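Engineer: Below: one structure in structure tokens.
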Amino acid sequence: MTNVISPTSKATNESLLKVLPEIELAALAPTIAEIEALKAERNAVVLAHNYMTPDIYHTVADITGDSLALAYAAKETDADVIVFAGVHFMAETAKITCPEKTVLIPDLDAGCSLAEGITGADIRLLRERYPDTPVVAYVNTSAEVKAEVDICCTSGNAVQIVESLDSDRVIFLPDQYLGKWVASQTDKEIILWEGSCMVHERFTGEELREYRAQHDGVEIIAHPECPPDVLAEADFVGSTAGMINWVKDNKPNKVVMVTECSMSDNVAAETPEVEFVRPCNLCPHMKKITLDGILESLRGMKHEVDVAPDVAERARASVEAMLAVKV
Ligand code: 13P
Ligand code: SF4
């Protein structure tokens, strides 16, 4: 078969075949080759979130990671163009940290239920209600919201960011479940916003107890956007990158990754010795990003993500404050 995997891929062709049939990989080869040629021509990189499907994650992605790793990567790359294979707030964060670069997203409708549930005006009201209380925003927010808060965080550094603040009380938004998880890990008082992720809120503790009963010795690892009854059943809680590293470090015989389901496919291609029990909750926003969409994006240099300079400047302060906290 044609070797379609880019040199940066962490899977071998053989292991990728476990999650993508050979016939499908061969059919994708011309698209992948054209994307690679356009990347070289335009000095572009593809930053891909861990929830991308394996045909993106293991082929044209130059850098893969969680929101935090991708925020650092956007800042550090010397490419002129970043194609963001992820959702809009992630591409916006890249544009905020590197305004001189062209940031493209293959589908402008790739949103996020958390980002859509809160506005800049909401933050201003919260500030009136809780004066002198620092506001931490999960990066799953719009630039307009980032511009109003003191500091951002991701699921990979939320506890450390909250702990870094010189206040016993912190407003944490918009994800109530990540906020509750943080509250369980710190002595600070956490004021929550009632947002949630439409993908992770669907998991239940009961579902996980059934997996345990059906699969002897299974390890359960979960993303902190899950509700507390789900996290109570988990053997490990961490960001998407934290979960991937946990599987690679611990090599369990069997694991359930309680998060968006493409991630299990991606890790399965890299850890063939681990059996994945796959609950399948797809993020409809992440799934708007396709290999064909990436090709179209590079061909037509669309869709360019822009943030108004005054908003970007204030949002940058919150993102940079986050990136300055060493985890
Ligand atoms: P991570 O920062 O853990 O990659 O999570 C982002 C996200 O949107 C999870 O739903
Ligand atoms: Fe947003 Fe949830 Fe999708 Fe992540 S999985 S992008 S939090 S809707």
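Engineer: Of the conditions (1) closer than 30 Å to Leu165 by Cβ; (2) within 16 Å of ligand 1 (Cβ to nearest atom); (3) surrounded by fewer than 15 Cβ atoms within 10 Å (Cβ to Cβ), Met243 satisfies every one except a single condition; which number is it?
Structural biologist: Here Met243 clears every test but (3).
Engineer: Condition test on Phe236, is it modelled with pLDDT of 95 or more, within 14 Å of ligand 1 (Cβ to nearest atom) and more than 27 Å from Asp109 (Cα to Cα)? Spell out the reasoning first.
Structural biologist: On the way: modelled with pLDDT of 95 or more: yes; within 14 Å of ligand 1 (Cβ to nearest atom): yes; more than 27 Å from Asp109 (Cα to Cα): yes.
In short, yes.
Engineer: Restricting to region 79-131, what's the tally of residues that are under 25 Å from Trp193 (Cβ atoms) and free of Cβ contacts under 8 Å to residues at least 24 places away in the same chain?
Structural biologist: Selection size over region 79-131: 7.
Engineer: Which members of region 244-291 meet the condition of being closer than 23 Å to Glu201 by Cα and among the basic types (Lys, Arg)?
Structural biologist: Of everything in region 244-291, those that are closer than 23 Å to Glu201 by Cα and among the basic types (Lys, Arg) turn out to be Arg278, Lys287, Lys288.
Engineer: Does region 146-203 hold any residues that are buried (at least 21 other Cβ atoms within 10 Å of the Cβ), within 21 Å of the chain's Cα centre (by Cα) and more than 24 Å from Gly111 (Cβ to Cβ), and which are they?
Structural biologist: The one that is buried (at least 21 other Cβ atoms within 10 Å of the Cβ), within 21 Å of the chain's Cα centre (by Cα) and more than 24 Å from Gly111 (Cβ to Cβ): Val162.
Engineer: Taking the condition on the phi < 0 side of the Ramachandran plot, surrounded by 16 or more Cβ atoms within 10 Å (Cβ to Cβ), touching a residue at least 12 places away in the same chain (Cβ under 8 Å) and within 13 Å of ligand 1 (Cβ to nearest atom), does Ser318 pass?
Structural biologist: On the way: on the phi < 0 side of the Ramachandran plot: yes; surrounded by 16 or more Cβ atoms within 10 Å (Cβ to Cβ): yes; touching a residue at least 12 places away in the same chain (Cβ under 8 Å): yes; within 13 Å of ligand 1 (Cβ to nearest atom): no.
Criteria not met by Ser318.
Engineer: Identify the residue in region 267-298 that is of a type in the set (A, V, I, L, M, F, W, C) and within 16 Å of ligand 2 (Cβ to nearest atom) and, among all such residues, is nearest to Leu38 (Cα to Cα).
Structural biologist: As a first pass, look at region 267-298 and keep what is of a type in the set (A, V, I, L, M, F, W, C): 267-269, 274, 276-277, 280, 282-283, 286, 289, 291, 294-295, 298.
Still in the running and within 16 Å of ligand 2 (Cβ to nearest atom): 280, 282-283, 286, 289.
On the way: Cys280: 33, Leu282: 29, Cys283: 28, Met286: 23, Ile289: 18 Å.
Among those that are of a type in the set (A, V, I, L, M, F, W, C) and within 16 Å of ligand 2 (Cβ to nearest atom), it is Ile289.
Engineer: Val256 versus (1) touching a residue at least 40 places away in the same chain (Cβ under 8 Å); (2) surrounded by fewer than 22 Cβ atoms within 10 Å (Cβ to Cβ): which is the lone unmet condition?
Structural biologist: (2)
Okay, residues lined up against (1) farther than 26 Å from Tyr51 by Cβ; (2) in contact with a Pro (Cβ under 7 Å, 6 or more places away or on another chain):
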residue: Cys112; (1), (2): no, no
residue: Ala115; (1), (2): no, no
residue: Ile118; (1), (2): no, yes
residue: Arg124; (1), (2): yes, no
residue: Arg127; (1), (2): yes, no
residue: Val135; (1), (2): yes, no
residue: Tyr138; (1), (2): no, yes
residue: Glu148; (1), (2): yes, no
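Engineer: Still on this structure, I have one more. Please go through region 96-118 and pick out each residue that is away from ligand 2 (no atom under 15 Å from the Cβ), in a helix (DSSP H, G or I) and surrounded by 24 or more Cβ atoms within 10 Å (Cβ to Cβ).
Structural biologist: Within region 96-118, Ile96 is the sole residue that qualifies.
Engineer: Modelled with pLDDT of 95 or more, part of a helix (DSSP H, G or I) and either surrounded by fewer than 19 Cβ atoms within 10 Å (Cβ to Cβ) or at positive phi (or both) - does that describe any residue in region 273-288?
Structural biologist: yes
Engineer: Please enumerate the residues belonging to region 119-145 that are part of a strand (DSSP E or B) and surrounded by 23 or more Cβ atoms within 10 Å (Cβ to Cβ). Full working, then the answer.
Structural biologist: Looking only at region 119-145, we keep the residues that are part of a strand (DSSP E or B), and these are 135-138.
Hits for region 119-145 are Val136, Ala137, Tyr138.
Engineer: Further question on the same structure: Could you look through region 65-95, keep only residues that are under 13 Å from the mean Cα position of the chain (by Cα) and β-branched (Val, Ile, Thr), and pick out the one that is surrounded by the fewest Cβ atoms within 10 Å (Cβ to Cβ)?
Structural biologist: Val87
Engineer: Among the numbered criteria (1) part of a strand (DSSP E or B); (2) polar (S, T, N, Q); (3) touching a Leu at 6+ places or on another chain (Cβ under 6 Å), which single criterion is violated by Thr31?
Structural biologist: Answer for Thr31: the failing condition is (1).
Engineer: Looking at Glu313, is it touching a Lys or Arg at 6+ places or on another chain (Cβ under 8 Å) and acidic (Asp, Glu)?
Structural biologist: Values: touching a Lys or Arg at 6+ places or on another chain (Cβ under 8 Å): no; acidic (Asp, Glu): yes.
No.
Engineer: Could you list, in sequence order, the residues of region 147-174 that are within 16 Å of ligand 2 (Cβ to nearest atom) and under 19 Å from Arg129 (Cα atoms)?
Structural biologist: Phe172, Leu173, Pro174
The values are calculated or read from the model by the stated rules, or taken from the named source; none is laboratory data. Here the structure is a predicted model, which means the values were calculated and not measured. When we count neighbours, we look across all protein chains shown, and the Cβ atoms used for this are built from the backbone with ideal geometry, even at glycine.
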